[in-house]
Amino acid sequence: MRKQIVAGNWKMNKNLQEGIELAKSINDYFMEKPAAKAEVILCTPFIHLAGVAPILKANKLFLGAQNCASEPSGAYTGEISPDMIKSTGAQYVILGHSERRTYYLEDNAILNKKTVLALNSGLNVIFCCGEVKEEREAGKHFDVVKTQLKEGLFTLKAEELKKVVIAYEPVWAIGTGLTASPEQAQEMHKYIRDLVKTQYCETVANGITILYGGSCKPSNAREIFSKPDVDGGLIGGAALKKEDFVAIVEAF
Ligand code: 13P
């Protein structure tokens, strides 16, 4: 059985006090409800990590960052290394989010470098992929995702890939209220799993967790998560409210 995961990507929201409050309320909820099926990951801004880490005591509740540097240390003003993230107590880092690709011009080569470095530091990686609207309309979505994964991820050895979660986030569905239909999500997730199978083997493909992201909310999570190749979600807006976020976790 592969892991089911619901990860909240807080993006650049919540000041430190608000973030700690949200993390506390989510932790309290899962302390009282230890039977949640899915693993839960809170991906907070960097400055929240050290403050949130000691709060997360509930079973299957983990912490992640949203980016990391591509170099291990040194004169890189303003950057945060994977080792620094790991030292806060965090276990995960999101890499390749479309907002990083678009606004900070991160390409597959730099994302591959970051992924290798993060894994070497002992972090697990949530690696994002997904096409923009024009690419889907042109029927290029499979090719786009294939290139992102081939160049960004498939240089890893099978052993290393076990520490990676793939998140399919169609860019046209992020923050737009437009969700991929459960069928569209399933179709792409199956395609991604088949790519992993071709590149590695069936065991690796069957073991890898693939999340859906893009306007996932309590009202649509159950249907999306019910698809056989969808193993959970990467949640943006709805991760900022405890009630919505835990309702999505409970959708399993
Ligand atoms: P929304 O859930 O706000 O669409 O964001 C999805 C996302 O980008 C998660 O990484």
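The values are calculated or read from the model by the stated rules, or taken from the named source; none is laboratory data. Predicted, not measured: the structure shown is a model, and the values here were computed from it. Using ideal geometry, Cβ is built from the backbone for each residue, glycine included, and neighbour counts are taken over all protein chains shown.
For the subset of segment 87-108 comprising residues that are in contact with a helix residue (DSSP H, G or I) (Cβ under 7 Å, 6 or more places away or on another chain) and closer than 16 Å to residue 144 by Cβ, which member is farthest from the ligand (Cβ to nearest atom)? Checked segment 87-108; the qualifying residue farthest from the ligand (Cβ to nearest atom) is 108. Can you name every residue in segment 1-25 that is within 16 Å of the ligand (Cβ to nearest atom) and farther than 15 Å from residue 237 by Cα? Across segment 1-25, the qualifying residue is only 5. Scan segment 97-104 and tell me whether some residue there is under 27 Å from residue 201 (Cβ atoms) and modelled with pLDDT of 95 or more. Within segment 97-104, none of the residues are under 27 Å from residue 201 (Cβ atoms) and modelled with pLDDT of 95 or more. Taking the conditions exactly as written (within 16 Å of the ligand (Cβ to nearest atom), under 20 Å from residue 150 (Cα atoms) and not aromatic (Phe, Trp, Tyr)), does residue 195 satisfy them or not? No, not satisfied.
Just so you know, in segment 154-192 the residues that are under 18 Å from the mean Cα position of the chain (by Cα) and of a type in the set (Asp, Glu) include one that is farthest from the ligand (Cβ to nearest atom), and it is 160. Entry remark, segment 143-153: residues being within 16 Å of the ligand (Cβ to nearest atom) and either farther than 22 Å from residue 70 by Cα or β-branched (Val, Ile, Thr) (or both) number 1 in total.
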